[in-house]
Amino acid sequence: MADPKGFLKHGREVAGRRPVGERVQDWNEVYPGSMGRALLPIIKTQASRCMDCGIPFCHQGCPLGNIIPEWNDLVFRDDWDGAMDRLHKTNNFPEFTGRLCPAPCETACVLGINQDPVTIKNVEVAIIDRAWESGYVRPEAPEWLSGRTVAVIGSGPAGLAAAQQLTRAGHTVAVYERADQPGGLLRYGIPEFKMEKKYLDRRLDQMRREGTIFRSGVEVGAGSLSGQRLLQRYDAVVLAMGSTVARDLSVPGRALNGIHQAMEFLPQANREALGEEVPDQIRADGKHVVIIGGGDTGADCLGTSTRHGAASITQLEIMPQPTEVRPAGQPWPTYPMLFRVSSAHEEGGERAYSISTTEFVGDDEGNVKALRLVEVDASFQPVPGTEREIPADLVLLAMGFVGPERAGLVEQLEVELDDRGNVARDEDYQSSVPGVFVAGDAGRGQSLIVWAIAEGRAAAACVDEFLTGSTELPKPIPPTARPLMV
């Protein structure tokens, strides 16, 4: 145990962000310099607050099963290399989760029963950033090759985790990505101000040095590489293409110009932030922006629109506003629905809850100019007399995703789908087609980055066992497992 009285002596501290007026002028991360370096003044104290519980519920709160008390203790004792080793035993990409995960481990922290929980997420990112800066993170090439080949479709967090594990197990792994560069959601969905792409690029470089092959700009199933050709060429296939079919809003006026899905808007802004030319870019400059959807994607649209210089930004959510304290019906250690303020919300904009859009209003030229709204009750029924109209020059739909795209590869492979439209799989992550495995949002449905990495690791172990008859890769959670979340 790091410090038996640490949790009594110290309160919770989190990383400080750059001033709002400074950070909205650029696309850099909202934290000053290296987040890990910025955290060092507080991180040892925060690690000391870990109680080394007899039953560490943070393990169950984390889909990866991170060995959190152990690396907290190692950080407190200044054994940073040992802490990184512990962290990497369960998580291939802690610099991603340390920046992007909503930290269900923290809401499961035993200290959180009656105090503020340990700052687990900040400790995690401090460990890995320091490890990279010290040169301790190196490629881990396999000692021998199995002679088996695996195709991973999709280079988001699930695909990357599966690919790295399988490469290290000695298989020849090719990762296919239809975009021009690998990274999937991490590259083109997550704004630069939440995670700079240099953290992704250095991991991709590590994976290439280990032997993973990346084939970008290839949409499997749409060209010469069909689903059947894929099965003939490779000994196993991992589907990790994510859940990319966006939920739409079918109300009058939907066909007006100026209404876009979030994933039309955000990838363009990411390319802009990286200095790329973006023809016909969707921009928010000087516009009244309305974002429909109150989740993380909506917040990403908010932060991006702020940096574009929008005239006003309103984020709408049909659900009621959450409370700031844990609801009675969501007891510890479950993940509660709380009112949370992201860095983007600190920067501006308005949030409105229990609101439903009834109509998009257009001008004479076919462009959206306003939204008609109505307040709804707990049953999502309109409340009479609450109708109103707000200006809108740009509307961004950020209402989530409903499954993987079926046309192309999914149809060609003839894999079965579950009742939610995701690719069905068994306890070993294998689809209805032998040798075809599924990891991440393609099988789970829209979820968290930490679940994607956990499923990529688990699916890799199942693929390794399928190819060789046994596996030494860690095989964490089955796909039917559920976290300590509502």
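Some values worked out for this structure:
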{"item": "Number of the exception - Val415 against (1) modelled with pLDDT of 95 or more; (2) within 30 Å of Glu140 (Cα to Cα); (3) out of contact with any Cys (no Cβ under 6 Å at 6 or more places or on another chain)", "result": "(2)"}
{"item": "Flag for Thr306 being out of contact with any Lys or Arg (no Cβ under 7 Å at 6 or more places or on another chain), of a type outside the set (A, V, I, L, M, F, W, C) and surrounded by 20 or more Cβ atoms within 10 Å (Cβ to Cβ)", "result": "yes"}
{"item": "Test: residue in region 211-223 that is in a helix (DSSP H, G or I), modelled with pLDDT of 95 or more and surrounded by 15 or more Cβ atoms within 10 Å (Cβ to Cβ)", "result": "no"}
{"item": "Hits in region 413-435 (condition: more than 24 Å from the chain's Cα centre (by Cα) and surrounded by 18 or more Cβ atoms within 10 Å (Cβ to Cβ))", "result": "Leu413, Val415"}
{"item": "Residue in region 464-476 that is touching a residue at least 24 places away in the same chain (Cβ under 8 Å) and over 17 Å from Ala169 (Cα atoms) present", "result": "no"}
{"item": "Only listed residue being over 30 Å from Glu219 (Cα atoms) and either buried (at least 18 other Cβ atoms within 10 Å of the Cβ) or at pLDDT 95 or above (or both), chosen from Val395, Val410, Val374", "result": "Val374"}
{"item": "Considering residues of region 351-368 that are charged (D, E, K, R) and surrounded by 13 or more Cβ atoms within 10 Å (Cβ to Cβ) only, the residue farthest from Glu387 (Cα to Cα)", "result": "Asp363"}
{"item": "Among the candidates Met195, Met207, residue that is assigned by TED's automatic domain parsing to the domain that holds Leu448, touching a residue at least 12 places away in the same chain (Cβ under 8 Å) and outside any loop (DSSP other than H, G, I, E, B)", "result": "Met207"}
{"item": "Residue in region 382-389 that is of a type in the set (Lys, Arg) and surrounded by 18 or more Cβ atoms within 10 Å (Cβ to Cβ) present", "result": "no"}
{"item": "Condition check for Thr172: hydroxyl-bearing (Ser, Thr, Tyr) and either within 15 Å of Arg457 (Cβ to Cβ) or in contact with a Lys or Arg (Cβ under 6 Å, 6 or more places away or on another chain) (or both)", "result": "no"}
{"item": "Spans of helices (runs of 4 or more DSSP H) in region 61-149 with at least 3 residues out of contact with any Pro (no Cβ under 7 Å at 6 or more places or on another chain), in contact (Cβ under 8 Å) with a residue 24 or more places away in the chain and buried (at least 16 other Cβ atoms within 10 Å of the Cβ)", "result": "68-76, 80-90, 94-100, 120-133"}
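The values are calculated or read from the model by the stated rules, or taken from the named source; none is laboratory data. Just so you know, these numbers come straight off a predicted model, no measurement behind them. Because the Cβ atoms are built from the backbone with ideal geometry, glycine has one as well, and the counts that use them run over all protein chains shown.
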